[in-house]
Amino acid sequence: MTKIDLTSYRDDKKDSYFWHTLYNKLTSNMYAVILTVVILFVFLWSFVFSRIEGLSYFDGIYWIFTTMTTVGYGDISPKLIMGKLVAMTTMLAGISVLGYLMSRTMDMVVDANLKGVFGLKKAKTKKHVIVCGWNKVSETAVRQLSEEHENIIVIDSELHPELKQIPGVHFIVGDPKSPETLTKANLDETKFVIVAMEDDSDVLLSTHIIRELNPTVEIVARIDQHRHVKIAQKAGATHIVSPASIGGNLLVEAAINPSVVKWVMEATAYEQEGIELMEYDVTASSWSNGKTVGKLRDKLGHKAILLSVNSDKGHDTLPEDTYKIKTGDSLILVINPAKYKTIDL
């Protein structure tokens, strides 16, 4: 069994994070300094030029703006040697400032486009879904989330240009086990996280780090080996799914009960139209709150079928009609969304 170190990633990023933060502060301050210098230059040189040439202060400001922007109408021009020296320095300053601003603007545009393509741009979305790892399992999840019009952030260590073709997807290239990468994905504002890497040890470590960074977020973890399920729960996973176990069971059932497997596939495959499984959380204002299962079934009629009630005592599959539904229960139903758009529960 692979030994999983859940603490080795806590401190190894501190030095690089410090220097990265320091660089950002110095860079942002540099722009503020440059802007301050330009403003002071404009007002000071306007005053100097107007005094030398005997002009009003407004004419001095007007002249320096037309000169620095290379417009140069020619209606105001220096007559004295000192005025011409001021004009020469103003021209040099104007060319330098305009060249710098244009180059910075182009850098920002190109940088933003390249970061979007190569997955380097920091996420600014809120109430999104983070998917860690890119493979067949996570691709299915992402495409279904996209169909539900969710904002999705996919994190993977390799570049995947095909993700640009999926609506609502923002891609970040990086290690899903890195606190810096997870922070870049705006982990504090996410709705829930799907951890779906192919290696269980990567899933466990990423789950542990996510739970440390955000103690309240819901984490859905993909675990293939049954012996890792309890470790995933201790690491902080809210829900655990085993695609390998589910797939293996369905293969056997397909040979024994093919119609059952067909029904399950239709109910769970996002790309197929037909029946769907739905979970409804009962609140104090819900119609079903305080009603018996029998009354709920009468109300549903042919619109939906109640499969299970998840209460504080666990799942009750095919519950008795006498069970009284209460706040906090979750109702698991089968519906046909093509026939019934909404169901009042």
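Looking only at region 148-171, decide whether some residue is surrounded by fewer than 18 Cβ atoms within 10 Å (Cβ to Cβ), touching a His at 6+ places or on another chain (Cβ under 9 Å) and of a type in the set (Lys, Arg). Checked region 148-171: no residue is surrounded by fewer than 18 Cβ atoms within 10 Å (Cβ to Cβ), touching a His at 6+ places or on another chain (Cβ under 9 Å) and of a type in the set (Lys, Arg). Across region 71-85, the qualifying residues are those that are hydrophobic (A, V, I, L, M, F, W, C) and in a loop (DSSP other than H, G, I, E, B), and the one among them that is modelled with the lowest pLDDT is Val71. Can you find a residue that is out of contact with any Gly (no Cβ under 6 Å at 6 or more places or on another chain) and within 24 Å of Arg104 (Cα to Cα) anywhere in region 54-65? Yes, that holds for at least one residue. Tell me, yes or no, whether region 125-141 has at least one residue that is under 30 Å from Asp199 (Cβ atoms), surrounded by 13 or more Cβ atoms within 10 Å (Cβ to Cβ) and modelled with pLDDT under 85. Yes, region 125-141 contains at least one residue that is under 30 Å from Asp199 (Cβ atoms), surrounded by 13 or more Cβ atoms within 10 Å (Cβ to Cβ) and modelled with pLDDT under 85.
A Cβ distance below 8 Å, combined with a sequence gap of six or more or placement on separate chains, defines the contacts here; from region 277-292, residues that are in contact (Cβ under 8 Å) with a residue 40 or more places away in the chain reach residues that are among the charged types (D, E, K, R) and exposed (fewer than 13 other Cβ atoms within 10 Å of the Cβ) in the pairs Trp287/Asp344. If I ask for residues that are of a type in the set (A, V, I, L, M) and farther than 11 Å from Ser330 by Cα, which ones from region 275-298 would you list? Result: Ile275, Leu277, Ala284, Val293, Leu296.
Does Met88 count as in contact with a helix residue (DSSP H, G or I) (Cβ under 6 Å, 6 or more places away or on another chain), modelled with pLDDT of 85 or more, surrounded by fewer than 18 Cβ atoms within 10 Å (Cβ to Cβ) and farther than 25 Å from Val220 by Cβ? So Met88 does not fit the description; no.
Condition check ((1) modelled with pLDDT under 90; (2) exposed (fewer than 13 other Cβ atoms within 10 Å of the Cβ); (3) touching an Asp or Glu at 6+ places or on another chain (Cβ under 6 Å)) across all residues:
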{"site": "Lys230", "(1), (2), (3)": "no, yes, no"}
{"site": "Ser245", "(1), (2), (3)": "yes, no, no"}
{"site": "Asn249", "(1), (2), (3)": "yes, no, no"}
{"site": "Val252", "(1), (2), (3)": "yes, yes, no"}
{"site": "Pro258", "(1), (2), (3)": "yes, yes, no"}
{"site": "Ala269", "(1), (2), (3)": "yes, no, no"}
{"site": "Glu273", "(1), (2), (3)": "yes, yes, no"}
{"site": "Glu276", "(1), (2), (3)": "yes, no, no"}
{"site": "Lys291", "(1), (2), (3)": "no, no, no"}
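On the stretch given as region 194-227, residues that are within 17 Å of Pro176 (Cβ to Cβ) and touching an Asp or Glu at 6+ places or on another chain (Cβ under 7 Å) total 4.
Considering region 293-306 alone, what residues qualify as being surrounded by 16 or more Cβ atoms within 10 Å (Cβ to Cβ) and in a strand (DSSP E or B)? Correct list: Ala304, Leu306.
The values are calculated or read from the model by the stated rules, or taken from the named source; none is laboratory data. A quick note: this is a predicted structure, and the numbers were derived from the prediction, not measured. FYI the Cβ positions are ideal-geometry reconstructions off the backbone, even for glycines, and counts take in every protein chain you see.
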